[in-house]
């Protein structure tokens, strides 16, 4: 299977990705826990049907020490007992932020207030930015039908 466009060989895409990756790097350097960041990236990618990002973030999280049990249960986090209350709040915000077009009014006050109980203002900025960035990557990859399965840990940096 080949992608519709070769985003990795495009000079135009390289210029665009440079800025998106820079935003993601700022999030990565924030005080938002790294494990939470990968869980959020994974959940948004699952919702968006982005095989490439699901593959990438599952492998990156496992490499960083995340357990297979937690990775396998991200899609069913509501019923899983392996996530902290803070992680659950982040996953809920990620779901609502990813499905923003499906919900009249977007993210609920309840989801926002729950996240605000666990994260300070700077962490919330990082979390909201992370959700926006991963959704951007998901949409790019889904539109071009970027194949999944061949990602290698650290492949992009």
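Observations on the structure shown:
- Of everything in the stretch 103-130 that is closer than 20 Å to residue 35 by Cα and part of a loop (DSSP other than H, G, I, E, B), the residue that is farthest from the chain's Cα centre (by Cα) is 120.
- Checklist (1) within 15 Å of residue 36 (Cα to Cα); (2) without any contact (Cβ under 8 Å) to a residue 40 or more places away in the chain applied to residue 91, failing item: (2)
- Whichever residue in the stretch 98-119 is in contact (Cβ under 8 Å) with a residue 12 or more places away in the chain and either within 15 Å of residue 86 (Cα to Cα) or touching a strand residue (DSSP E or B) at 6+ places or on another chain (Cβ under 7 Å) (or both) and, among such residues, is surrounded by the most Cβ atoms within 10 Å (Cβ to Cβ): 115
- Within the stretch 53-74, not a single residue is in a loop (DSSP other than H, G, I, E, B), in contact with a helix residue (DSSP H, G or I) (Cβ under 8 Å, 6 or more places away or on another chain), free of Cβ contacts under 8 Å to residues at least 60 places away in the same chain and within 19 Å of residue 112 (Cβ to Cβ).
- For residue 40, the stated conditions do not hold, so it cannot be described as closer than 14 Å to residue 126 by Cα, surrounded by fewer than 18 Cβ atoms within 10 Å (Cβ to Cβ), within 15 Å of the chain's Cα centre (by Cα) and at pLDDT 95 or above.
- Residue match in the stretch 89-106 (condition: modelled with pLDDT under 95 and touching a helix residue (DSSP H, G or I) at 6+ places or on another chain (Cβ under 6 Å)): yes
- Within the stretch 134-155, the residues that satisfy the criterion of being part of a helix (DSSP H, G or I) and crowded, with 20+ Cβ neighbours inside 10 Å are 134, 135, 137, 138, 141.
- Sole exception among (1) out of contact with any helix residue (DSSP H, G or I) (no Cβ under 7 Å at 6 or more places or on another chain); (2) at pLDDT below 95; (3) more than 27 Å from residue 12 (Cβ to Cβ) for residue 120, by number: (2)
- From the list 66, 79, 60, the one residue that fits, being over 10 Å from the mean Cα position of the chain (by Cα), crowded, with 19+ Cβ neighbours inside 10 Å and over 23 Å from residue 140 (Cβ atoms), is 66.
The values are calculated or read from the model by the stated rules, or taken from the named source; none is laboratory data. In this text, all values refer to a predicted model and were calculated from it rather than measured experimentally. Counting neighbours? That spans all protein chains shown, and the Cβs are built from the backbone with ideal geometry, glycine included.
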